[in-house]
Each structure stands twice: as C-alpha cells, then as structure tokens.
Amino acid sequence: NQIQLYNGRASYHIRTAPKAVGAFSAQHIDISDIICNLSLKKLNNDTLSLYIRSISGKESSGIKIEQLQARVNATPQAIRIENFKLKMPASELRADELKLKSNGKRAFEIYGDVYSNTISASDFSSLLPIATTELPTLSLRIKTKGNNKKLAAAATIETADKSISIKTNTAITNFLNSEKRTIDFNLANGKIETAAISHIQRIIGDSTGK
C-alpha cells in the first residue's frame, strides 16, 4: 500500500505563548511544503512494517528537511529502524540500525549508532543565538547501548582538519528512576587548537556586538 502527500501543511500553536521572529519555538510550529511517500508493507493487529521512502518539508523558522528516509518495524515488544537517513541543505545524518526492546514492565534495551561526516550549523541557525555561516562543519558519531539499569553513550565530534576533536563517554544508571538516577560524564579526549578558539570567539563577538 502506497501513501503519498503533496504540498501538505501541519501546524501546532499555543495561543497564549509569544511568538519569536526568526527563531524556532516548540510552542509555535508551522511546517509547510510537506511531501511524503510511504510504503506500508504490513499492518496486522499490533505489527507494523513501514518503508519511509521520503519525507520533506520546511519549518517557518528556516529549518528545512530535504529527505527523511528509513525502514521501520514495530511490535509491542520492539522497534527497529534501519537505513535511517536525514538530509538537510548542508548536513546529513545516518544510522544503519536503531533498536529498542521492552518487556512492558519499565524495562528496556537499546542500541544505536548514529553518524555523520557533515553537520553544518547553518542548518540550525534558528536554534542558535550566534551567527552560524562561519562556524566549521563537523563530523559526528554517537554510539548508544544498554538498558534501563545502565545506559552508555560514546560520542566523537571533529572538524575535517582536526583542529577541534572531542570524545566523550557518558553512563546513566537507573534511567527510569529519577530518585536513583546517576549520570557519569567523562571527557575521554579533547583538543581545540588556539586558532579554532580565536575563530569561535570572533564569531560570538560579532554576534553579540562585543
């Protein structure tokens, strides 16, 4: 079964919340030019198999998604996402496989490996308080594995010339229990060269007028 949508629009507004001009607001979301192409492989009782061929659209703050693509398989016990791809004008994010398993009793297992060679701040200018056109393009990789008792995440962020290179490890225990939850953050390796620091300082200064 094929599901297609052209020139769609979706919005969400909290009328009492003030609107921010040129900045993204979770209280005022307006997405236009939605193009959607889905292939429903299976929908039987509580089992879903869906191929997202392509979803695109743009938010009024300037955030634009050129292509969202993935294969999704879901049951009450597990969600599996394969061949995930998110493409924006200057950024691209991928994941070969994302898995979430649950026994329905506040216990879960999770696995994910998300990576990108091109993350550009210009695609997220409406989320950032500084000018983004001169910020360097980054590569990113985040690996997550664990369960509700202990969840671990390793992240690597780098520029192409390695002038910025940051690697971190994060461990969260008792994820679902706010009273017993603990978070252990470790900077495994970090390097920011003087030239990169000066460049970022100048950008922030230009944005703030200081």
Practice problem: Give just the number: which of (1) in a helix (DSSP H, G or I); (2) at pLDDT 90 or above does residue 170 not satisfy? | Solution: (1)
Quiz item: Can we say residue 46 is open to solvent by less than 40 Å² (accessible area, probe 1.4 Å) and of a type in the set (D, E, K, R)?
Solution: no
Quiz item: Does any residue in region 30-42 that is closer than 16 Å to residue 2 by Cα come within less than 9 Å, Cβ to Cβ, of a residue that is of a type in the set (Lys, Arg) six or more places away or on a different chain, and which pairs are these?
Solution: 36/53; 37/53; 38/53; 39/53; 41/71
Quiz item: Looking only at residues in region 74-90 that are part of a strand (DSSP E or B) and open to solvent by less than 70 Å² (accessible area, probe 1.4 Å), which one is nearest to residue 147 (Cα to Cα)?
Solution: 78
Quiz item: Counting just the residues of region 52-65 that are of a type outside the set (A, V, I, L, M, F, W, C) and closer than 16 Å to residue 5 by Cβ, which one comes out surrounded by the most Cβ atoms within 10 Å (Cβ to Cβ)?
Solution: 57
Practice problem: Report, ordered by the first and then the second residue, all pairs with beta carbons closer than 6 Å, sequence separation of six or more or different chains, a first member in region 113-128 that is under 16 Å from residue 142 (Cβ atoms) and touching a residue at least 12 places away in the same chain (Cβ under 8 Å), and a second member that is small (Gly, Ala, Ser) and open to solvent by less than 40 Å² (accessible area, probe 1.4 Å). | Solution: 114/95; 117/139; 118/91; 119/91
Quiz prompt | Lone unmet requirement of (1) at pLDDT 90 or above; (2) open to solvent by less than 60 Å² (accessible area, probe 1.4 Å) for residue 150 | solution = (2)
Quiz item: How many residues are outside any strand (DSSP E or B), open to solvent by 40 Å² or more (accessible area, probe 1.4 Å) and within 21 Å of residue 155 (Cβ to Cβ) if we restrict to region 91-127?
Solution: 2
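The values are calculated or read from the model by the stated rules, or taken from the named source; none is laboratory data. Source: prediction; values computed, not measured. Methodologically, a virtual Cβ is constructed for each residue, glycine included, from the backbone with ideal geometry; neighbour enumeration extends over all protein chains shown. Please note that ligands, DNA and RNA were not included when accessible areas were found on the heavy atoms of the full protein model with its side chains. Shrake-Rupley method; radii C 1.70, N 1.55, O 1.52, S 1.80 Å.
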